[in-house]
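Trainee: One structure is given below, represented as structure tokens, and several questions about it will come after.
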Amino acid sequence: MSLLVVGLSHRSAPVSILERASLPADTQAKLLQDSLAAEPAAEATVLATCNRIELYADVDKFHAGVAELSTLLAQHSGVGLDELTPYLYVHYEDRAVHHLFSVACGLDSMVVGEGQILGQIKDALALGQDLHTAGRLLNDLFQQALRVGKRAHSETGIDRAGQSLVTFGLEQLAQDTGVESWARGKRALVIGAGSMSSLAAATLARAGVAEIVIANRTLARAERLAEILTEPGGALRGGSGGGAGVAARAAEMVAVGDELGRADIVVSCTGATGLVLTGDAIEAAVEGRDTAAGEALYLLDLAMPRDIDAAAHRIPGVRLVDIESLADASADAPMAADVDQVRSLVSDEVAAFGAAQRAAHITPTVVALRTMAADVVASEVARLEGRLPGLDDKQRAEITQTVRRVVDKLLHAPTVRVKQLASEPGGAGYADALRTLFDLDPQTVASVSRADLNDADVKNRGRV
């Protein structure tokens, strides 16, 4: 295993850099294709969220891999390599596994313990599978990361350490007032109909807003989300219920300006590359409002790059919470004692994953050894038949079975023991020792590895 991750996140880079380096879906696909075309990478996938961009790859050379992946990230993000490099981090082999498992558990999130990252990891694996850039290693790694993340949320109290980014953002808007008391009776505009926007809409519905308007470039998706919200207990992604059946309707994006003037709360999370709400549009929306009587406009921008003009911070009667302000606020958020339990779980899972990968690494060599032994048995039995043509079928079968039992008994203890040894740290050399001691054909071992890889690819395709 030569797993390498090169990336940047809210922990390593300012929001301004993250915003510029964000990768649209088509760019992510091109990045993965170019990563495989580069010599050091055998497989790759990318985890791109509003506050992290990470490229995972199986590489045969560490330094060449770091250089190539860093260059590709710079090229596809549009941020120059010299400017991007100071914010990049690199993890290799077990440290890379530890990093992804920590991310999956929410330990590396802006809001510790949030669960949205699991869906994003699932999407990253699905992208690699669809493009055929994720092979056996990344399939195993990301599938296990999803299981570890689910374990953390089901077996520990990590959920108490933080909330989803949506809930945290709404709490920042509400300030010292509880979200439900603050939101009750207000009119909300949600721009976008993806997973984060759907979660925001469901959260606002449960908080008791009077109306939710969903605006989206694809009107049918906005209509579907509005329909779900109006259904009592309607299910949204991640199991979020629509609540008591809030009044909800869809709107086209061209109507956002008009809807903005009627809204009290706006949540925006789209994939747009430019501003969705300009400072002028926001200023026009609050004109004439009695801000002294509490008729303020509350804006929550969860997009990266940002949807809402940062100039809104300076407009009287407007309160804006965006990714940058959330990062500042989350730095002071208290950590729950359950975080230590999750860290222990991650360490155990990393050790188990490493042992499983090291043991799997020697399997093709063991299979090749047993194949060679079976060929020797078949050759010797054929030679014996030539020297003793008078053997009947029963005698021939008994001799063949006896020779096979002898070979199996001779190979059993060494192969079981070598698998055990290979699973331990530093055990990779045992495969080389077996190949050398038994003079195994490297092409035979390679063919077993390729067959195993193809089987794993077929088995894992569609599992997410």
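Trainee: Using DSSP to define loop residues, name the GluC sites (Glu not before Pro) in region 98-193 whose beta-carbon has at most 11 other beta-carbon atoms within 10 Å.
Mentor: On the way: sites: Glu114, Glu155, Glu171, Glu180; in loops: Glu114.
Listed in order of number, the matching sites amount to none.
Trainee: Please list the non-local residues whose amide H lies under 5 Å from the amide H of Asp264, H modeled 1.01 Å from N, same-chain partners needing a gap of 5 or more.
Mentor: Answer set, sorted by chain and number: Arg187, Ala188, Leu189.
Trainee: Further question: In degrees from 0 to 90, rounded to the nearest 10, what is the angle of the helix 393-422 Cα long axis to the longest principal axis of the chain?
Mentor: 50 degrees
Trainee: While we're looking at this one, here's another question. When the Kirkwood radius is taken over all Cα pairs of region 8-60, what Stokes-Einstein diffusion coefficient follows at 4 °C and 1.567 mPa s, in µm²/s? Walk me through the numbers on the way to the answer.
Mentor: Numbers: Rh = 11.7 Å.
Answer from the Stokes-Einstein relation: 111 µm²/s.
Trainee: Pull out the extension gain between Ala284 and Ala311, defined as 0.36 nm times the separation in residues minus the alpha carbon to alpha carbon distance; nm, one decimal.
Mentor: 8.4 nm
Trainee: Assuming a ≥ b ≥ c are the square roots of the Cα gyration tensor eigenvalues, decide whether region 144-215 counts as rounded (a/c under 1.5), prolate (otherwise, with a/b larger than b/c) or oblate. Show your work: numbers first, answer last.
Mentor: Details: a/c = 3.02, a/b = 1.65, b/c = 1.83.
Judged from the Cα gyration tensor, region 144-215 comes out oblate (a/c at least 1.5, b/c at or above a/b).
Trainee: Under 18 Å from the Cα of Lys409, which aspartates and glutamates turn up, not counting those fewer than eight places away in the same chain?
Mentor: Asp375, Glu380, Glu398
Trainee: A follow-up question, please. Classify region 360-409 from the C-alpha gyration tensor, please: rounded if a/c falls under 1.5, else prolate or oblate depending on whether a/b exceeds b/c.
Mentor: It is prolate, given that a/c is not under 1.5 and a/b is the larger ratio.
Trainee: Note down the net charge around Val213, summing +1 for each Lys or Arg and -1 for each Asp or Glu among other residues with Cβ under 9 Å from its Cβ.
Mentor: For residues surrounding Val213, the net value is +1.
Trainee: Kindly state, to the nearest 0.05, the FRET efficiency for Phe62 paired with Lys394, given R0 = 60 Å and r defined as their beta-carbon distance.
Mentor: Calculated value: 0.50.
Trainee: List the pairs from Lys150/Lys186; Lys61/Lys122; Lys30/Lys61 whose alpha-carbon separation is above 29 Å, in the order I gave them.
Mentor: In this structure, Lys150/Lys186 lie more than 29 Å apart at Cα.
Trainee: Taking 56 Å as R0, compute the FRET efficiency from the Cβ-Cβ separation of Ser347 and Ala374 and round it to 0.05.
Mentor: Numbers: r = 41 Å, r/R0 = 0.73.
That gives a FRET efficiency of 0.85.
Trainee: Could you look at region 264-312 and say what percent of its accessible area is carbon and sulfur, using a 1.4 Å probe and all protein chains? Walk me through the numbers on the way to the answer.
Mentor: Values: 860 of 1890 Å².
The computed percentage sits at 45.
Trainee: Taking θ = phi - 60°, what integer Hz values does the Karplus form 6.51 cos²θ - 1.76 cosθ + 1.60 yield along region 96-112, in sequence order, with x for Gly and Pro?
Mentor: 5, 4, 4, 5, 5, 5, 5, 4, 4, 7, x, 6, 9, 7, 4, 10, 4
Trainee: Now a separate question. For the chain, with every protein chain kept in place, what is the accessible area per residue (1.4 Å probe, Å²)?
Mentor: 46 Å²
Trainee: How large, in percent, is the carbon and sulfur part of the accessible surface of region 1-129 at a probe radius of 1.4 Å?
Mentor: On region 1-129, the fraction of accessible area on carbon and sulfur atoms equals 50 percent.
Trainee: Relative to the first principal axis of the alpha-carbon coordinates of the chain, what is the inclination of helix 116-130, with its axis defined by its Cα atoms, in degrees from 0 to 90 and to the nearest 10?
Mentor: Computed tilt is about 50 degrees.
Trainee: Per residue of the chain, what 222 nm ellipticity follows from adding -39500 (n - 2.57) for every DSSP H run with n ≥ 4, rounded to the nearest 500? Don't skip to the end; give the middle numbers.
Mentor: Numbers: 18 runs with 257 residues, N = 464.
Computed ellipticity for the chain at 222 nm equals -18000 deg cm²/dmol.
Trainee: Helix 219-230 against the longest principal axis of the chain: what's the angle in degrees, Cα atoms only, rounded to the nearest 10?
Mentor: 80 degrees
The values are calculated or read from the model by the stated rules, or taken from the named source; none is laboratory data. Since the model is a prediction, treat every value here as computed from it, not as a measurement. Quick reminder, even Gly has a Cβ in these numbers, built from the backbone with ideal geometry, and neighbours come from all protein chains shown. Protein only, heavy atoms only, side chains kept; ligands, DNA and RNA dropped before computing areas. Shrake-Rupley method; radii C 1.70, N 1.55, O 1.52, S 1.80 Å.
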